[in-house]
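Take a look at the structure set out below.
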Amino acid sequence: MEMMMRRLRLAFVMVLMIMVVMHSASTVVEGCSASDREALLDFKASLNEPYLGIFSTWSGDDCCSNWYGINCDPTNHRVADINLRGESEDPIFLKAGRSGRMTGSISPSICKLDRLTTLIIADWKGISGEIPGCITSSLLSLRVLDLVGNRLSGHIPPSIGNLRKVTVLNLADNDLSGELPASIVQMSSLMHLDLRNNRISGQIPSDIGKLTMLSRVLLGRNQITGPIPNSIATIYRLADLDLSMNRISGSIPEQLGRMPVLSTINLDCNSIGGQIPASLLSNTGLGILNLSRNGMEGSIPDVFGPKTYFMALDLSYNSLKGKIPTTLLGANFIGHLDLSHNHLCGPIPIGEPFEHLEASSFDYNDCLCGNPLRTC
């Protein structure tokens, strides 16, 4: 009997030891991997955030638990999301009563986090240096790449097209230069492209129409040259197009006005010439059209109708001639209208929308007359 009891006790101890080992192994699996933690700490070491103390939360062995801005995949406990925004409604910002400011650079160690799906390092105002080129070869699971509002310089990595799963690419409000990489048209999942307010030069790829999922193309305030590619008009889902404040030349593709979803077009402050396509002004889905400060010629197409609904229509600072179209009187709604600084002539039509417009909407034309200008 005593021998049997010893054997039972021994068996119990062995089972207990196995349970402890299994629990220890489980604890290791449930925490973030050591390599991910090391990569995050290397990434942190290249940055300085002195005001909010967000990196003070990056302590302990488990980077999946309570590390500010870090989320892990629950199935494999690998780091999946980095979400660090310098302008946020998070309590840490509200308590400090300020937006964030961070200096330093984005360390290439970020590329060791090869399961990342979201990389947001946005609106820190002082982060400089280049975008690590290894991102386009190592982070192939990325779906969101958002580095807006920093001081990043250098070129967009030429192999950016490798990021085939990215739906949002936002590099706006930085100091990026160089041309748009030709490979960008390979980003087949891209829906939102925002590169505004940089120093990007060169032409828009002629085959940008390959990006069939795009809903927003925002390239304003750069140094882009060349024509508007005809293939843009084949992007069926495109709703917002901003090419303003560039050096774009040529004429506006007539097909642009036939796009079924397009609601906003900003082409102001370029060197675009030719005539205004009638299809642009007759497109009943278009709500904002800004063609100001270009070299548009000819007359304003007389194609407005009862379904016309423009929140803003700005044709100022061009070389337009002829009369103001009388069909504007039949428009459903015209909010802001600016026809100033052209060569228009003749009487201003009487009725809405002209009754609520000020003289500044018609100033500096050759011989316009009528309310709110001088009497004809």
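When +1 charges are put on Lys and Arg Cβ atoms and -1 charges on Asp and Glu Cβ atoms, the dipole computed for the stretch 152-229 relative to its Cα centre reaches about 180 debye. Tally Lys and Arg at +1 and Asp and Glu at -1 over the other residues with C-beta under 10 Å from the C-beta of residue 368: what net charge comes out? Combined, the nearby Lys, Arg, Asp and Glu give 0. Each residue of the stretch 91-102 is assigned a 3J(HN,Hα), and the resulting list reads x, 5, 7, 5, 5, 7, x, 7, 7, x, 9, 9 Hz, derived from the Karplus form 6.51 cos²θ - 1.76 cosθ + 1.60 (θ = phi - 60°), x at Gly and Pro. The fewest-to-most ranking of 81, 175, 123 by surrounding Cβ atoms within 10 Å reads 175, 81, 123. For the chain, the residue among 376, 63, 93 whose Cα projects farthest onto the positive side of the dipole built from Cβ charges is 63.
So, R0 is 51 Å and r is the distance between the beta-carbons of residue 164 and residue 358; what FRET efficiency does that work out to, to 0.05? Walk me through the numbers on the way to the answer.
Details: r = 51 Å, r/R0 = 0.99.
FRET efficiency, residue 164 to residue 358: 0.50.
Normalised by the number of residues in the stretch 160-274, what is the relative contact order in percent for Cα pairs under 8 Å and 6+ residues apart?
Details: 303 pairs, mean separation 23.3, N = 115.
About 20 percent, as a whole number.
Judged by a Cβ-Cβ distance under 4.7 Å, the unpaired cysteines of the chain are 269.
What order, most packed first, do the peptides 357-366, 189-198, 341-350 have when packing is the mean number of other Cβ atoms within 10 Å of each residue?
On the way: 357-366: 15.4, 189-198: 20.2, 341-350: 17.4.
So the order, starting with the most tightly packed, is 189-198, 341-350, 357-366.
Each of 191, 253, 295 was scored by the projection of its Cα onto the charge dipole of the chain, and the greatest displacement toward the positive side belongs to 191; charges sit on the C-beta of Lys, Arg, Asp and Glu. Relative to the longest principal axis of the Cα atoms of the chain, the long axis of helix 2-30 lies at roughly 20 degrees. The shape of the chain comes out prolate: with a ≥ b ≥ c from the C-alpha gyration tensor, a/c is at least 1.5 and a/b beats b/c.
Couplings 3J(HN,Hα) for the stretch 323-340, derived from phi with the Karplus relation 6.51 cos²θ - 1.76 cosθ + 1.60 (θ = phi - 60°), are 9, 6, x, 6, 5, 4, 5, x, 5, 4, 7, 10, x, 9, 10, 10, 10, 5 Hz, where x marks Gly and Pro.
Close amide H contacts of residue 200 (hydrogens built in the peptide plane, cut-off under 5 Å, sequence separation of 5 or more or a different chain): 223.
Converting phi to 3J(HN,Hα) with the Karplus coefficients 6.51, -1.76 and 1.60 and the offset θ = phi - 60°, the stretch 154-171 yields x, 9, 5, x, x, 9, 4, x, 5, 7, 6, 9, 5, 9, 10, 10, 10, 10 Hz in sequence order, with x at every glycine or proline.
When +1 charges are put on Lys and Arg Cβ atoms and -1 charges on Asp and Glu Cβ atoms, the dipole computed for the chain relative to its Cα centre reaches about 800 debye.
Find the relative contact order for the chain and round it to a whole percent, using C-alpha pairs within less than 8 Å whose residues are 6+ positions apart. Before the final figure, lay out each step's value.
Working: 957 pairs, mean separation 25.0, N = 376.
Over the chain, the number comes to 7 percent.
Give me, ordered by chain and number, the residues 5 or more places off residue 368 or on other chains with an amide H under 5 Å from its own placed amide H. Under 5 Å from the amide H of residue 368: 346.
We did not get these values from a lab; they are worked out from the coordinates using the rules stated. Please read these numbers as outputs of a predicted model, since none were measured by experiment. As a convention, Cβ positions derive from the backbone with ideal geometry for all residues, glycine included, and neighbour counts pool all protein chains shown.
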